[in-house]
Amino acid sequence: MDIARRKLSQNTFTLLLSNGGSALLSFALSALIGRVLGQAGLGIYAAALAWVFPLSLVADFGLSTLITRDLAQYPEAETEYIRVAIYQRLFMGGGLMLSAILASPLLSENASVVRGIIISAPLILIAPLFSMFTAVFRAQQRMWPIAVLNLGMLVVQVSGTALVFTLGYGVIVALVVNTLTSAMQLVVAWALWRWLGSHEGNISTHLGIREAIGKAGVFAIAAVLAALLMRMNFILLERLAGANETGNYAAAMRFIDAVRMMPNALFGALLPALAALQMRPMMMQRTFRQVLAGLSVYSVAIAIVGMWASPTVLLWIYGEAFTDAAGILQWGLWALLPALLRGGFTLYHYAQGNECTVNIVLLIGLGIHLSVGLWLIPVHGGEGAILATLIAEVTMLVFLRWPIWQYRHIKPQASS
């Protein structure tokens, strides 16, 4: 019992160092783009990646989550899962990459955004291949390679972006740097996986591509719906409010992403830990309750501090052009509370095998988010977008909370 908790704490701490460093470097990158290129440049950068990111999750098709959960319980199947994942990604990711390139003129009326989508399209294949290796490391509860890979890539990316700006290039070349550094990260991830040698001597499970796709399909749907929820505001803002408002929103979201780094570190270690505790349900529930309490205290404290600090921090990091993003950031920090709790309940459902419940709730949240966003964004811009997020997150949290309350009260009766 103590060993499991200590392992969870150690893994969370390692991922926290990784995520904290990544947050600082991501801030540096965002501030660099915002100060050199302004709101429009940052908006173009964010809008191009907003189209690519959901497609990369489609290409992943939930296999990364499946790999982490299954290999945490059956590590001998690693070779077969890697083989199947590579074939699936080459087929699906390659097709989506070509589709994005061909369809890019239809995705935006801004010529720079279209070019950015074309340049970033290889990420649709690169990102899921990289996540395949990090999923294996997570299943092994070996987090240091993930920290090395993430921090190393961002150091190179920030340095490269600063160099191309110094040479007089703009947002399109910055997107080229983003794609190239991600490709380098994938190569290093493969080399680390080979060097660690954990795949040698594994037992073949004869896992087929069709079987793996069938098992991962539910996770794939969840990943796509979650990606749409994350990126919908960027797409709606670029369409309904323009590049400047998209840039304000992107600047505020950098701060949200930063404060999410600590909970995301916990989430990265939590799924394999909960999967390993399936045979000890009492300890699993106790651990989960402690996680919820910690997330609640953390998010409320951050929101309170952000109410008075947001304008000053935005001015300091981005300059006067981004002071209008203060309201977006303040509402976004309050939306963090239901969002983090919803993330915790999602992992609990995954550990219980309730993936379909998560998908139904995500679909409900997506519909609410889209409807409210279409109503509020044309009038209130970025603040309307973040209010749509808040309403959707609260709704999803309520729907995810109920089945777990039911499980905790009915389960003991069924076993008595």
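Please enumerate the residues belonging to the range 109-128 that are out of contact with any Ser or Thr (no Cβ under 6 Å at 6 or more places or on another chain) and over 15 Å from PHE53 (Cβ atoms). Result: GLU109, ASN110, ALA111, SER112, ARG115.
Return yes when GLY332 is at pLDDT 85 or above, under 23 Å from the mean Cα position of the chain (by Cα), of a type outside the set (Val, Ile, Thr) and under 23 Å from LEU32 (Cβ atoms) and no when it is not.
Values: at pLDDT 85 or above: yes; under 23 Å from the mean Cα position of the chain (by Cα): yes; of a type outside the set (Val, Ile, Thr): yes; under 23 Å from LEU32 (Cβ atoms): yes.
Criteria met by GLY332.
Checked against the criterion of being under 23 Å from ARG194 (Cα atoms), crowded, with 20+ Cβ neighbours inside 10 Å and of a type in the set (Phe, Trp, Tyr), the candidates TYR87, TYR81 yield just one match: TYR81.
Applying the criterion of at least 2 residues that are over 21 Å from the mean Cα position of the chain (by Cα) and in contact (Cβ under 8 Å) with a residue 12 or more places away in the chain to the helices (runs of 4 or more DSSP H) found wholly in the range 77-143 leaves 78-107, 111-120. Scanning the range 181-211 for residues that are modelled with pLDDT of 90 or more, among the β-branched types (Val, Ile, Thr) and either over 30 Å from TYR74 (Cβ atoms) or over 26 Å from the mean Cα position of the chain (by Cα) (or both) yields a count of 1. Screening ALA28, ALA23 for residues that are modelled with pLDDT under 85 and within 18 Å of the chain's Cα centre (by Cα) leaves exactly one candidate, ALA23. Checking each residue in the range 217-256 for being outside any helix (DSSP H, G or I) and among the basic types (Lys, Arg) picks out no residue at all. Is it the case that VAL361 is assigned to a helix (DSSP H, G or I), touching a helix residue (DSSP H, G or I) at 6+ places or on another chain (Cβ under 7 Å) and either among the charged types (D, E, K, R) or more than 20 Å from SER299 (Cβ to Cβ) (or both)? Against the criterion (assigned to a helix (DSSP H, G or I), touching a helix residue (DSSP H, G or I) at 6+ places or on another chain (Cβ under 7 Å) and either among the charged types (D, E, K, R) or more than 20 Å from SER299 (Cβ to Cβ) (or both)), VAL361 does not qualify.
When you scan the range 151-180, how many residues do you find that are under 18 Å from LEU24 (Cβ atoms), surrounded by fewer than 20 Cβ atoms within 10 Å (Cβ to Cβ), under 21 Å from the mean Cα position of the chain (by Cα) and of a type outside the set (A, V, I, L, M)? Total satisfying the criteria: 1. For the range 277-298, the set of residues classified as crowded, with 18+ Cβ neighbours inside 10 Å and either assigned to a helix (DSSP H, G or I) or among the small types (Gly, Ala, Ser) (or both) consists of MET284, THR287, PHE288, VAL291, LEU295, listed by residue number.
The values are calculated or read from the model by the stated rules, or taken from the named source; none is laboratory data. The structure presented is a predicted model; accordingly, all values stated were derived computationally and were not measured. Here Cβ is always computed from backbone atoms with ideal geometry, including for glycine, and neighbour counts include all displayed protein chains.
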